[in-house]
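Taken together, the values in this text are just the output of simple stated rules run on the coordinates, not laboratory data. All values reported here derive from a predicted model rather than from experimental measurement. Using ideal geometry, Cβ is built from the backbone for each residue, glycine included, and neighbour counts are taken over all protein chains shown.
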Amino acid sequence: MNLLKKFWSDEAGLVMSAELVVLGTVGVLGATVGLSAASTAINDEMVEFGLAIRSLDQSYHVEGHQSCRAWTAGSSYQQQDVEISRADLCGQIERAEKAAKKQSTIKRKAPPKSEELRKKMEKKKSIKRKNKNKKKKNEA
């Protein structure tokens, strides 16, 4: 029991609650910034990798073969020019980024000014008055 009291009253190495809040805040902010930077870096690397793969030329040509009574057909494929393909791919990436930005932005209205609020309140009051007057007329 005595040992427990010593531990309870010992303040050596104690982190105060305010210090703990500051440390937690710094930790969360650091993690958020770090994850954001990592996300951006990964996205940029994926774009670069896509462009590098697209830059590979996949064109080929195989001659056919013909002998006594047998033959094989030839085959070929001519890939579109790499610069045109990369420009098309960059255009697709830009369109996708614009669409993502458009979806992520929330359109908010500016808060109403005090004059506008007063006018709305006055309209509501006048409507309530008219309704009360109509009810009184109907009751009479």
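The simple spin-label model puts a point 7 Å past each Cα toward its Cβ; for ARG54 and LYS101 those points are separated by 1.8 nm. Take the Cβ atoms of SER9 and SER39, set R0 to 41 Å, and the FRET efficiency comes out at 0.30. Treating r as the C-beta distance of ALA87 and MET46 and R0 as 25 Å, the FRET efficiency rounds to 0.85.
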